[in-house]
1. Tell me, which helices (runs of 4 or more DSSP H) wholly within the stretch 65-134 include 2 or more residues that are within 28 Å of I212 (Cβ to Cβ)?
2. Considering only the stretch 177-193, I want to know if a residue exists there that is modelled with pLDDT under 85, of a type in the set (F, W, Y) and assigned to a helix (DSSP H, G or I).
3. Among E157, E161, which is the only one that is among the charged types (D, E, K, R), buried (at least 16 other Cβ atoms within 10 Å of the Cβ) and in a helix (DSSP H, G or I)?
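The values are calculated or read from the model by the stated rules, or taken from the named source; none is laboratory data. Everything numeric here is computed off the predicted structure, so don't read it as measured data. Cβ sites come from the backbone with ideal geometry, for glycine too, and all protein chains shown count toward neighbours.
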Amino acid sequence: MNHLDTPMSILEHLGELRSRILRALTGFGVAFLLCMVFANPLWDLVQAPGLDAFRQLGRGGFIAIDVMEQFSIIWMWTPLVAAIFLAMPWVIYQAWAFIAPALYPRERKWAVPFIVCTAGLFITGGLFGYFVVFRYALIFLLGIGGPVNVTPLISIELYFERFVNVMLGVAVIFELPVLIFFLTLIRVASPSFLMRHSRYAILAIVILAAVITPSPDAFNLTLFAVPMILLYFLGVFVSYLLVLRREDRKFPWKMFLIWLVTVLAVVGIGMGVYWRFLAK
């Protein structure tokens, strides 16, 4: 339902959708051309986790098997993936600008926080995948063959494929709070419903983490699943704030902060006792 004074027809909606898609693609195209100029430095960033793993293991390296492999990976696909992250704020803005007319005026005020949080979480997810998930997984996977004298010589095409799967997979998963907030905004879900079914959400998150995580060990699975579970409950919390604002109720911030400080203090004391026990 459109809440504007003059509702748009179906053809006008389609025209607006076409306009927004073209603007998003134009912004992405500009970002792609800019990233092509810096293709070599971008590739240095892409291969850095692999080179670091090779250095730690003391063996291995990258190879190019096909004639066109270096050109396609370094000069085409690497700038393309970089352009996705660079153009994400602009693409999200176009998406919001399309759906905004269907929202109430007070809900349209969420535009800036929505765009900033969505783009920020996407980029944060990519950074988490780059600096944490992918690096630890590489060291584990490339080191498996060490005891049996297997030297890892990895094709840059296969390496880049794994790199993109982890980077984009983690980046998309980090959008979970935004998805929950949006579903609450359009009244498809509610905080009470999400909390009642949280056990199923946690199970689904663990299964998804097992599928996306590039290594099968429990450490990397936990490293991936725990932030996803925290993001789920963060999304529930933000959706609860939205419901309170919609119903003109205030959140008990004072009691919440007291509870949060207490929990953090207990966890800190527990961790201190645990590390003291290990030190002995």
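1. Working: elements: 78-99, 105-108, 111-128.
Answer list for the stretch 65-134: 78-99, 111-128.
2. There is at least one residue in the stretch 177-193 that is modelled with pLDDT under 85, of a type in the set (F, W, Y) and assigned to a helix (DSSP H, G or I).
3. Values: E161 fails: buried (at least 16 other Cβ atoms within 10 Å of the Cβ).
One residue alone meets the criteria, E157.
Yes or no, residue by residue, for (1) crowded, with 16+ Cβ neighbours inside 10 Å; (2) in contact (Cβ under 8 Å) with a residue 12 or more places away in the chain; (3) closer than 30 Å to S72 by Cβ:
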| residue | (1), (2), (3) |
| --- | --- |
| V166 | yes, yes, yes |
| L203 | no, no, no |
| F219 | no, yes, no |
| L242 | yes, yes, no |
